[in-house]
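Take a look at the structure below.
The values are calculated or read from the model by the stated rules, or taken from the named source; none is laboratory data. This structure is a prediction, so every number in the text was calculated from the model and none was measured. Heads up, the Cβs are rebuilt from the backbone with ideal geometry, glycines too, and the neighbour counts pull from every protein chain shown.
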Amino acid sequence: MALLETQGLAAFYGDFQALFGVDIALESGETLAIIGANGAGKSTLMRSISGMLANEAHQVRFEGRAIGALSAPEVMALGIAMVPEGRKLFPSLSVEENLLIGKYGRAARGAWSLETVYDLFPILKERRNSPGTALSGGQQQMVAIGRALMSNPKVLLCDELSLGLAPVVIRDIYAAFPKIRAEGASIVIVEQDIGQALKVVDRLYCMMEGRVTLTGTPATVSRAEIHSAYFGAH
Ligand code: ATP
């Protein structure tokens, strides 16, 4: 049984259908990438899993339980934490206060605490009293990841980590993933920019127009296959 899976997942914004029968499975301990162009449905998939968008209960399962109809706080309490697109920090709160907010979701015992998040991203310790607004984009992304880790999640969902960041900063952020994974979290990384993501994941799913168009491992799918799954074979 997969740790987390979607089966025939459909999603709607009013009358507009954004997902058409999406099947993905995340095994325990695995790191997955969901890749695809702007508008492919990646964020909608993350919102559907995290409870931000309501779905049919049975279309999303976590540890065998149907969770598609649960609210975002209920999903978080089960151990699924989200690093949202755009980071969504509280701008007037300090780095440390933003991190502590993450603790209230599940607050399960586990490896992650202020201390271990600061070990993961030492720059955040230096900037612990700075307000969110005073941070660079990369530092804000580190806070968003740290905040999600503070709940000691079983599953970490990361939406568009690379967006707007310089390549060197993206590399620093991705360097944290082997450590996060070593602490036992299973991870889903959504990206348009696949360069770094494909170096750290076990498998990938490519989406286009609300459907999965390709799945495989970074070692077995070719760039040409990704290109046609990403943009369509024109
Ligand atoms: P991006 O990289 O831009 O986040 P994405 O692959 O995550 O792209 P989604 O944001 O999931 O794609 O969007 C999938 C489809 O749903 C698109 O056609 C988009 O226009 C539409 N959509 C997304 N959010 C909404 C919304 N709040 N209301 C209506 N339509 C939406």
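The table below gives the values:
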| read-out | value |
| --- | --- |
| Residues satisfying the stated conditions in region 37-55, i.e. near the ligand (Cβ under 9 Å from one of its atoms), of a type in the set (S, T, N, Q) and in a loop (DSSP other than H, G, I, E, B) | Asn38 |
| For Leu161: the one exception among (1) within 16 Å of the ligand (Cβ to nearest atom); (2) over 15 Å from the mean Cα position of the chain (by Cα) | (2) |
| Residue that is modelled with the lowest pLDDT, among those in region 192-213 that are surrounded by fewer than 18 Cβ atoms within 10 Å (Cβ to Cβ) and more than 12 Å from the ligand (Cβ to nearest atom) | Gly195 |
| Residues of region 177-189 classified as in contact (Cβ under 8 Å) with a residue 24 or more places away in the chain and surrounded by fewer than 19 Cβ atoms within 10 Å (Cβ to Cβ), total | 4 |
| Filtered residue count, region 161-191, keeping only those that are in a loop (DSSP other than H, G, I, E, B) and either of a type outside the set (Asp, Glu) or modelled with pLDDT under 90 (or both) | 10 |
| Considering residues of region 192-211 that are of a type in the set (A, V, I, L, M) and in a strand (DSSP E or B) only, the residue nearest to the chain's Cα centre (by Cα) | Leu204 |
| Cβ-Cβ under 7 Å pairs, at least 6 apart or on other chains, region 17-36 side on the phi > 0 side of the Ramachandran plot, far side away from the ligand (no atom under 15 Å from the Cβ) | Gly21/Gly8; Gly29/Ser186 |
| Count - residues of region 1-12 that are of a type in the set (Gly, Ala, Ser), assigned to a strand (DSSP E or B) and away from the ligand (no atom under 13 Å from the Cβ) | 1 |
| Selection within region 13-35 - away from the ligand (no atom under 15 Å from the Cβ) and outside any strand (DSSP E or B) | Glu27, Ser28, Gly29, Glu30 |
| Test: residue in region 83-101 that is outside any loop (DSSP other than H, G, I, E, B) and of a type in the set (Gly, Ala, Ser) | yes |
| Region 1-26 - residue that is under 18 Å from the mean Cα position of the chain (by Cα) and among the charged types (D, E, K, R) and, of those, farthest from Leu78 (Cα to Cα) | Asp23 |
